[in-house]
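No value in this document is a laboratory result; all are computed from the given coordinates. Please read these numbers as outputs of a predicted model, since none were measured by experiment. Please note: Cβ atoms are built from the backbone with ideal geometry, for glycine as well, and neighbour counts cover all protein chains shown.
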Amino acid sequence: MNRAWLVKSEPNAYSYEDLERDGRTPWDGVRNYQARNFMRDEMQIGDAVLFYHSNVADPAVVGVARVASEAYPDPTQFDADDPHFDPKASPDAPRWMLVDLEPLRRLTQAVPLARLKEDPALEGLALVRRGNRLSVMPVDDAHFRHVLELGGADPDAL
DNA sequence: GCCAACGTTGGC
DNA sequence: GCCAACGTTGGC
């Protein structure tokens with residue numbers, strides 16, 4: 001049984017359209033231990049991932065992606081020219097792990113944060129918990145299915 | 001190990 | 001641009 005997840009991305013930096021264009025992308029730059037642990041320890045190939053656009057006028061879940069690789073070291077941690085460079089990491093002792101993501105399908109209707117917040121069926125969804133700053137988080141299967149339905153997608157047809 | 005200072009996230 | 005929430009850092 002695959003699990004479901006949600007990742008946040010600022011569309012100015014990397015949008016769902018960018019993921020569709022690229023076909024596949026390493027989910028790099030995550031520098032939070034809890035988020036890393038989810039990717040490193042719990043994500044499995046084939047898991048479904050809600051793709052959320054943050055830091056925009058109307059933040060929303062806009063598409064579904066899929067985990068496309070096992071976890072491996074985030075190469076940006078070793079690159080001194082990269083903004084996500086971590087001087088305390090080395091190839092022998094990597095600190096930050098990531099997985100690759102592939103686009104599955106864009107939602108026919110984006111599901112805005114405001115909509116998620118007001119829906120009693122989504123109570124407990126980590127994204128709408130106050131003060132939540134995680135950029136990678138697990139999503140209950142029932143919540144996942146509900147968000148897809150709100151977005152006009154059939155959860156059984158992924 | 002405590003905790004104040006600081007930086008970041010992200011909604012509004 | 002503001003600011004609340006939260007994680008990290010570093011002095012002690």
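For chain A, the longest principal axis of the alpha carbon atoms and the long axis of helix A:141-150 meet at an angle near 60°. Between A:Glu123 and A:Ala13, the distance separating the two model label sites (each 7 Å from Cα on the Cα→Cβ line) works out to 3.3 nm. Projected onto planes of every orientation and averaged, the convex hull of the alpha-carbon atoms in segment A:1-125 covers 8.6 nm². In chain A, helical runs assigned H by DSSP with n ≥ 4 each contribute -39500 (n - 2.57); averaged across all residues and rounded to the nearest 500, the mean residue ellipticity at 222 nm is -4500 deg cm²/dmol. Charges were assigned to the Cβ only: +1 to each Lys and Arg, -1 to each Asp and Glu. The resulting dipole of segment A:4-157 about its Cα centre is roughly 460 debye. Taking 7 Å steps out from each Cα toward its Cβ at A:Glu70 and A:Lys88 produces label points 2.7 nm apart. Counting charges near A:His84 (Lys, Arg +1; Asp, Glu -1) among other residues having Cβ under 9 Å from its Cβ returns a value of -4.
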